Amino acid sequence: MTSTSQRRVLLAKPRGYCAGVDRAVQTVEIALEKYGAPIYVRKQIVHNVHVVRTLEERGAVFVDETEEVPEGAIVVFSAHGVAPVVHEEARGLSLRTIDATCPLVTKVHKEAVRFAKDDYDILLIGHEGHEEVIGTTGEAPDHIHLVDGPGDVANVVVRDPEKVAWLSQTTLSVDETIATVEKLRERFPKLMDPPSDDICYATQNRQVAVKQMAARSDLVIVVGSTNSSNSVRLVEVAKEHGADDARLVDYPDQIDEGWLEGVTTVGVTSGASVPEELVSGVLAWLAERGYGEVEEIESVQESMRFALPHELRKDLRSA
């Protein structure tokens, strides 16, 4: 094991909550204060175990399907977005809905609708079963084909190779998405790009910060949950850009001290749905083991903020 005088932590910045997650979590918190418990939430509001548990303790009830919400109750839609059929289900149950879909996901939904209206085949780059992919596909199910990485490009079948567009899940690896688009363009030279980049600014920024510190790190610890796509991508990006090892944990007690054997420099970052208190817990755990020196690696400054959902703002104004 290295001496304590050599040990240090490289702390990525930006890390943790993005504007869309902050907005979604605030939405549930304010709804609980304004309307009282229970507030129903369809799916996890964001993909983080700690956040979900904390909101459950305050009176949020998480359900998998709209039909699980009692008729006439309040339901919040998660940051990952929902298909139009979910809104129809909610109307059928006379539910009061608050849509906490991240505005950047809403942008992708609108792009899908526009391309479908123009009768394009839409190649959606993303991971099968992810809630965001399900929601986007629901906007134009007859036009959207899922492409799960460069290896899936050969399986794509379209009606007209000259009328094809691509979109992407917002939380993917930037590098893998670029590689997938390049492969698609080899097959479809007239492939239409989205009006603007679909990969979330926060996802990109966190990946850039990890790239900057990975080559200087023996071990990178990513704080985040296993169902968080952007957190899992950070582990992959760290390994691809020079880290000897990279691990995903929700809490400090999940860190194996064996990972630190021979480790001088530990990189620390967190996914876009992770509260800062969890990162602080990991830093404290490392400090107790001699990694008390912390150097922050800042790739870019973030100032993005999103307004609360209009349904909530309307009630807050009237109050």
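Quick notes on this structure:
- Looking across the range 268-285, not a single residue is of a type in the set (Phe, Trp, Tyr) and either in contact with a His (Cβ under 7 Å, 6 or more places away or on another chain) or crowded, with 23+ Cβ neighbours inside 10 Å (or both).
- Meets criteria (within 18 Å of the chain's Cα centre (by Cα) and either on the phi < 0 side of the Ramachandran plot or part of a helix (DSSP H, G or I) (or both)) for Val274: yes
- Qualifying residue in the range 258-279 (condition: of a type outside the set (A, V, I, L, M), more than 17 Å from Leu10 (Cα to Cα) and touching a strand residue (DSSP E or B) at 6+ places or on another chain (Cβ under 9 Å)): no
- Residue among Asp64, Asp22 that is free of Cβ contacts under 8 Å to residues at least 24 places away in the same chain and among the acidic types (Asp, Glu): Asp64
- Count - residues of the range 172-199 that are closer than 27 Å to Ala238 by Cα and basic (Lys, Arg): 1
- Residue satisfying all of: in the range 82-120; of a type in the set (A, V, I, L, M) and not in a helix (DSSP H, G or I); most open to solvent (accessible area, probe 1.4 Å) among these: Leu93
- Residues of the range 165-207 satisfying the condition of being over 18 Å from the mean Cα position of the chain (by Cα), closer than 19 Å to Glu128 by Cα and open to solvent by less than 10 Å² (accessible area, probe 1.4 Å): Ala165, Thr180, Leu184
- With respect to the conditions (1) touching a residue at least 60 places away in the same chain (Cβ under 8 Å); (2) surrounded by 19 or more Cβ atoms within 10 Å (Cβ to Cβ); (3) not aliphatic (A, V, I, L, M), Thr136 falls short on a single one, namely (1).
- Per the listing Thr54, Thr27, Thr101, the residue uniquely under 30 Å from Val222 (Cβ atoms) and free of Cβ contacts under 8 Å to residues at least 24 places away in the same chain is Thr54.
- From the list Gly129, Gly151, the lone residue that is without any contact (Cβ under 8 Å) to a residue 12 or more places away in the chain, surrounded by fewer than 16 Cβ atoms within 10 Å (Cβ to Cβ) and closer than 20 Å to Asp175 by Cβ is Gly151.
- Any hit, the range 235-254, residues being of a type in the set (S, T, N, Q), on the phi < 0 side of the Ramachandran plot, in a helix (DSSP H, G or I) and surrounded by fewer than 21 Cβ atoms within 10 Å (Cβ to Cβ): yes
- Qualifying residue in the range 215-229 (condition: closer than 30 Å to Val279 by Cβ and assigned to a helix (DSSP H, G or I)): yes
The values are calculated or read from the model by the stated rules, or taken from the named source; none is laboratory data. Computed from a predicted model, the values in this text were never measured in an experiment. Every residue, glycine among them, receives a Cβ derived from its backbone with ideal geometry; neighbour counts consider all protein chains shown. The area values use the complete protein model at the heavy-atom level, side chains included, leaving out ligands, DNA and RNA. Shrake-Rupley method; radii C 1.70, N 1.55, O 1.52, S 1.80 Å.
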